[in-house]
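As structure tokens, the structure follows; a few thoughts come after it.
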Amino acid sequence: MQMRHISVVGFVGALLTALVVGVSSAPALGDSGCAIAAAPSLVSGVYEVDTAAKLQWVKDSGSMSATYKLTGNVDLTGCTWSNGIGSSGTPFSGMFDGNNKTVSNMTISGGGTQGLGFIDFLTGTLNNITVASPSVTGTSNYVSGAVGQVRSGGTASNITLTAVSVNGGQISGGAVGDVASGGTVTNVTVGGALTANSGVGGGVAGSLSGTMSNEIGRAHV
């Protein structure tokens, strides 16, 4: 009888790979009603996102310098985020390609956190995305439906926001809170309502030091 030799190292490695692929985690502290985060597939260097669980992973665990692409529409009904993707200290510097898909019913309740939106702080690229019926509430600066602050080197383009509800502090906007010097925003359409309780607000952007073009603002201020 011929004996088969099984590599213990190979077996353990395969087992660990299977375990890592299946890893999931609870939503970030402060979020409520959200899907358990699950890592998206990495295809040719791009993370493909098509569920609320995978988008939750991007926000909570994903690299802020990676490349992501929506490969399906994502509905966030029932989920409330305490913040969006990225932070002031670690802004999103990668690429998020919406791939002409839609993220719907995003709710963010951020209290006094500065910079709130689908992406809180952007130095990379956000493009080709529709954000439908977002509700974003905060009491500090840079509250918006898409990007809290587009910083130098950041680009937000080909973005549509429908039925926006933004209620923020100073420098809040329907699409972008602030376009800082060196930031670029192009081809943005916004419809909905905006309230800036303690300062400047705009239907598309609350404040502009960078470049903005081809915007249509139908958000009532």
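Remarks
- Reported count of residues in the range 161-202, each being farther than 20 Å from G110 by Cα, touching a strand residue (DSSP E or B) at 6+ places or on another chain (Cβ under 7 Å) and of a type outside the set (V, I, T), is 4.
- Against the numbered list (1) open to solvent by 50 Å² or more (accessible area, probe 1.4 Å); (2) of a type outside the set (G, A, S); (3) over 19 Å from V190 (Cα atoms), N100 comes up short only at (3).
- Subset of the range 175-198 [part of a loop (DSSP other than H, G, I, E, B) and open to solvent by less than 10 Å² (accessible area, probe 1.4 Å)]: A175, G183
- Residues satisfying the stated conditions in the range 103-126, i.e. in a strand (DSSP E or B) and open to solvent by less than 50 Å² (accessible area, probe 1.4 Å): V103, S104, T107, I108, L116, I119, D120, F121, L122, T125, L126
- Extreme residue, farthest from G30 (Cα to Cα), among residues of the range 46-81 that are open to solvent by 30 Å² or more (accessible area, probe 1.4 Å) and among the basic types (K, R): K69
- For the range 127-144, the tally of residues that are open to solvent by less than 10 Å² (accessible area, probe 1.4 Å), assigned to a loop (DSSP other than H, G, I, E, B), under 10 Å from S172 (Cβ atoms) and not polar (S, T, N, Q) stands at 1.
- Search result, residues across the range 154-174 that are crowded, with 24+ Cβ neighbours inside 10 Å and in contact with a Gly (Cβ under 7 Å, 6 or more places away or on another chain): G154, L161, V164, V166, G168, I171, S172, G173, G174
- Residue satisfying all of: in the range 30-59; over 22 Å from T107 (Cβ atoms) and hydroxyl-bearing (S, T, Y); farthest from the chain's Cα centre (by Cα) among these: S44
- Summed over the range 145-159, residues that are assigned to a loop (DSSP other than H, G, I, E, B) and either within 12 Å of the chain's Cα centre (by Cα) or of a type outside the set (D, E, K, R) (or both) total 5.
- Residue check, V166 in a strand (DSSP E or B) and in contact with an Asp or Glu (Cβ under 6 Å, 6 or more places away or on another chain): no
- Criterion (at positive phi, of a type outside the set (V, I, T) and out of contact with any Pro (no Cβ under 9 Å at 6 or more places or on another chain)) met by exactly one of G84, G78, G98: G78
- Meets criteria (in contact with a strand residue (DSSP E or B) (Cβ under 7 Å, 6 or more places away or on another chain), modelled with pLDDT under 95 and not hydroxyl-bearing (S, T, Y)) for G94: no
The values are calculated or read from the model by the stated rules, or taken from the named source; none is laboratory data. Since we're looking at a predicted model, the values are computed, not measured. Backbone-built Cβ (ideal geometry, glycine too); neighbour counts: all protein chains shown. Remember, those area values only see protein heavy atoms, side chains included, never the ligands or the DNA or RNA. Shrake-Rupley method; radii C 1.70, N 1.55, O 1.52, S 1.80 Å.
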